[in-house]
1. Could you look through the range 30-42, keep only residues that are assigned to a strand (DSSP E or B) and open to solvent by less than 50 Å² (accessible area, probe 1.4 Å), and pick out the one that is farthest from TYR100 (Cα to Cα)?
2. Let me spell it out: the conditions are (1) surrounded by fewer than 12 Cβ atoms within 10 Å (Cβ to Cβ); (2) at pLDDT below 95; (3) not acidic (Asp, Glu), and SER56 meets all of them except one. Which number is the exception?
3. Select from the range 3-15 the residues that are within 11 Å of ASP89 (Cα to Cα) and open to solvent by less than 30 Å² (accessible area, probe 1.4 Å) and list them in ascending order.
4. For a quick check of your reading of the model, give me the residue pairs whose first member lies in the range 86-110 and is free of Cβ contacts under 8 Å to residues at least 24 places away in the same chain, whose second is open to solvent by 30 Å² or more (accessible area, probe 1.4 Å) and part of a strand (DSSP E or B), with beta-carbon atoms closer than 8 Å and at least 6 apart or on different chains.
5. Of the residues in the range 4-39, how many are farther than 22 Å from THR57 by Cα and at pLDDT 95 or above?
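The values are calculated or read from the model by the stated rules, or taken from the named source; none is laboratory data. None of the values given here were measured: they were computed from a predicted structure. Backbone-built Cβ (ideal geometry, glycine too); neighbour counts: all protein chains shown. With ligands, DNA and RNA removed, areas are computed over all heavy atoms of the protein, side chains included. Shrake-Rupley method; radii C 1.70, N 1.55, O 1.52, S 1.80 Å.
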Amino acid sequence: QVQLVESGGGLVQTGGSLRLSCAASGTSFSINAMGWYRQAPGKQREIIATITSGGSTNYADSVKGRFTISRDNVKNTVYLQMNSLKPEDTAVYYCWITNYFGSSYWGKGTLVTVSS
């Protein structure tokens, strides 16, 4: 059974930084893309960063230049370094992975709160 466990969320002041981690376990397949979504209160879940198996990255405009996604293929872990945090970054952050058959898996989320 595939499990994704996020960590690193918490409370931070505006302008601060946090680093999220998400470790995947129970995968009997090779992981293709990995990424991070977030869902702010009262809003739909939005994709904010993805990284392919080859290391190519994409970011939402709202986080470009402030967030950096990376992955460790040996540890099956994806990271999200978040700098210059803003109150509008407050959300539950979910990690996501997909395999080469098109199946997707989600973590349970970690809360990030940015105080003004």
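1. Quick first cut of the range 30-42, residues assigned to a strand (DSSP E or B) only: 31-39.
Okay, now just the ones that are also open to solvent by less than 50 Å² (accessible area, probe 1.4 Å), so 31-38.
Numbers: ILE31: 7, ASN32: 6, ALA33: 9, MET34: 12, GLY35: 15, TRP36: 18, TYR37: 20, ARG38: 23 Å.
The qualifying residue farthest from TYR100 (Cα to Cα) is ARG38.
2. (2)
3. Within the range 3-15, just VAL12 meets the criteria.
4. What qualifies is SER104/TRP96.
5. The qualifying residues number 7.
Okay, residues lined up against (1) over 17 Å from GLU88 (Cβ atoms); (2) in contact (Cβ under 8 Å) with a residue 24 or more places away in the chain; (3) open to solvent by 80 Å² or more (accessible area, probe 1.4 Å); (4) under 12 Å from the mean Cα position of the chain (by Cα):
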position: CYS22; (1), (2), (3), (4): yes, yes, no, yes
position: SER28; (1), (2), (3), (4): yes, no, yes, no
position: GLN44; (1), (2), (3), (4): no, no, yes, no
position: ILE51; (1), (2), (3), (4): yes, yes, no, yes
